[in-house]
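Following: one structure in structure tokens, then a few remarks.
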Amino acid sequence: MSYASEVKKELTGIVVHEKNARAELMALIRMNGSIGLANHTMILNVQTESPAIARRIYSLIKQLYKVESDILVRKKMKLKKNNTYVVRLRFHAQEILSDLAILNGFQIKERVPMDLLTDDLMIRSYLRGGFLAGGSVNNPETSRYHLEIYSLYEEHNEMIAEMINRYGLNARTTNRRSGYIVYLKEAEKIANFLQLIGATTSMLEFENIRIVRDMRNSVNRLVNCENANMDKVANAANRQVENIMLIEDTVGLASLPEKLRAIAETRLAHQEVSLKELGALVPGGPISKSGVNHRLRKLNAYADELRQGKAI
């Protein structure tokens, strides 16, 4: 089971108060519902690929309106593995859709009247229904954090973004194929959203994975930084040794001033050590790291002059 499926499974197990159940059902039907006619009677179909969500829709309708609906299973053709589940309401569909402020005549209302979502818990419940209907979230172990909710209607999509941003989550919107999405990219915001809609267990799992992943990334950055520093030290030491050997082959180390000769001979004898370690090994020392660096820079400059024929 994917991480997104685990989140949705957790959400379908939440027991909700009647008014919050109504808000959740408003989103589920608005986003996944369709209407038809049979014997001059309006039929409501609510489609999903999750049996748990289908049972949730069935239970919410029964809890709120005390009417029975059917759950139909449609087999997908060819290579598609998942079945499609349809909750079909054959009676009282028009009354229920009107009560949920979804229909205006036979037209879907793109925007939910906010006077029907009168408190914080109802807004959270609507967002939970929206995520169950059209949401997805990447596994936090993957390369990028991403949570989104898909909607057919632009105005409805903007409304969902407004609801999410009431909680400071920096949701953004964009077009997606034949519809629109609202999405979150920041790991902390995604965790906060999961907690907001009631997926507490999934949020804790998300946070645990994120912490381990961030620690692993921090360790990798430190190791990479350390390796880069070691490479830098090794390259500098190799250049110093190369320059000292050039001086030795060209004019001899004995021609150098005493302090430069001492550091040159010590570097040749200890090619792998750091500047600080080198300062402790110099005869007459120890000398500071900056003192070692100063003398080695002089040797490097002198070697460059020899290459260019400017020194005797």
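The values are calculated or read from the model by the stated rules, or taken from the named source; none is laboratory data. This structure is a prediction, so every number in the text was calculated from the model and none was measured. Note that each Cβ is placed from the backbone with ideal geometry, even for glycine, and that neighbours are counted across all protein chains shown.
At-a-glance table
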| item | result |
| --- | --- |
| Flag for residue 104 being among the polar types (S, T, N, Q), touching a strand residue (DSSP E or B) at 6+ places or on another chain (Cβ under 6 Å) and within 24 Å of residue 35 (Cβ to Cβ) | no |
| Condition check for residue 22: assigned by TED's automatic domain parsing to the domain that holds residue 96 and farther than 23 Å from residue 101 by Cβ | no |
| Among (1) exposed (fewer than 14 other Cβ atoms within 10 Å of the Cβ); (2) acidic (Asp, Glu); (3) more than 30 Å from residue 6 (Cβ to Cβ) - the single one residue 214 does not satisfy | (3) |
| Wholly enclosed helices (runs of 4 or more DSSP H) of segment 199-312 bearing at least 3 residues in contact with a Ser or Thr (Cβ under 8 Å, 6 or more places away or on another chain) and of a type outside the set (D, E, K, R) | 275-281 |
| Per-region count, segment 267-292, residues among the hydroxyl-bearing types (Ser, Thr, Tyr) and farther than 16 Å from residue 233 by Cβ | 1 |
| Output for segment 1-29, where each listed residue is hydroxyl-bearing (Ser, Thr, Tyr) and in contact with a helix residue (DSSP H, G or I) (Cβ under 9 Å, 6 or more places away or on another chain) | 3, 5, 12 |
| Single residue of 231, 249 found to be modelled with pLDDT under 85 and either under 20 Å from residue 304 (Cα atoms) or exposed (fewer than 12 other Cβ atoms within 10 Å of the Cβ) (or both) | 231 |
| Residue count for segment 131-152, restricted to those that are under 16 Å from residue 46 (Cβ atoms) and either part of a strand (DSSP E or B) or of a type outside the set (Gly, Ala, Ser) (or both) | 6 |
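Here is a yes/no grid of residues against (1) among the polar types (S, T, N, Q); (2) over 17 Å from the mean Cα position of the chain (by Cα); (3) exposed (fewer than 14 other Cβ atoms within 10 Å of the Cβ):
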| position | (1), (2), (3) |
| --- | --- |
| 144 | no, no, yes |
| 156 | no, yes, no |
| 195 | yes, no, no |
| 207 | no, no, no |
